[in-house]
Amino acid sequence: MPAENEGRAHCAEAFRKHLFPSCTLTLDEYNLTVDRFIPAGFSARNPGNHDKVNAPGAGELAIPYEHFEVGFCLPLWPEIRQALRYYGVVPAQLNPNSVAILVAFICYMRSERIEFSLSIFRKLFNFRAKGGVVFFSGQLLKTTGLANKHHHWGEKFVFVTGDFGNIPLQPVQYENAAYKPPTLGSRESALLEFFGTKEFDVLFLWRDFDSLPPVHPGEGTVSP
């Protein structure tokens, strides 16, 4: 079994059973989150003192405040939806640095007008899971601009409802037979070689993400 598949298979159950701390979001922090990050068409619920990030209500997603701070936004980008579907995870399973890496990678691809590629992302960034939480880390390129630590990100979150697209609202545990990693095409190999010469500065890449429209299939290129 591939190591990535093994991590996915255990990650869903580990997330459900993990003893996350109760929510410590204050009312002022909740109001700030709603004002800054919850657009029209979505609604937020202030978690109670006993709510946990791995126990949202039906139809809800728990979204940590720090995810918004590193570029996660609503409505969900199509590339974000694609990644969440592929890995079978919910946003709260990604630690903030992993969100920053994913957002920055998408921003880079958009800025260069290159179609988003999960096969390239998988080659560049390792997937690992611990306690139900997913971590992406640089595998084939040097990553800079990430925070050394994120404090209490699992304690400060909001429950959100709305149109999230076709993503899992609960972590998915895939059967081995259904796991088919995307392959690396011949044209994408050149892109992978290009990335191997780069230093991936996460903070620089996502700071202007609002001005970067998505690259729809057939609109962009597959290499710089």
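Below are the figures for this structure:
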item: Prolate/oblate/rounded call for the range 29-93, Cα gyration tensor, a/c under 1.5 rounded; result: oblate
item: Solvent-free Debye scattering, log10 I(q)/I(0), computed from the Cα coordinates of the range 86-134 at q = 0.21, 0.27 Å⁻¹; result: -0.79, -1.15
item: Across K123/K156; K17/K156; K52/K130, pairs whose alpha-carbon gap is larger than 25 Å; result: K123/K156
item: Length gained when the stretch Y86-S111 is fully extended (0.36 nm per residue, less Cα-Cα span); result: 6.7 nm
item: Gyration tensor verdict on the range 2-124 (Cα atoms; rounded if a/c is under 1.5, prolate if a/b is larger than b/c, oblate otherwise); result: oblate
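No value in this document is a laboratory result; all are computed from the given coordinates. The model shown is predicted, which means the values in this text are computed figures rather than measured ones.
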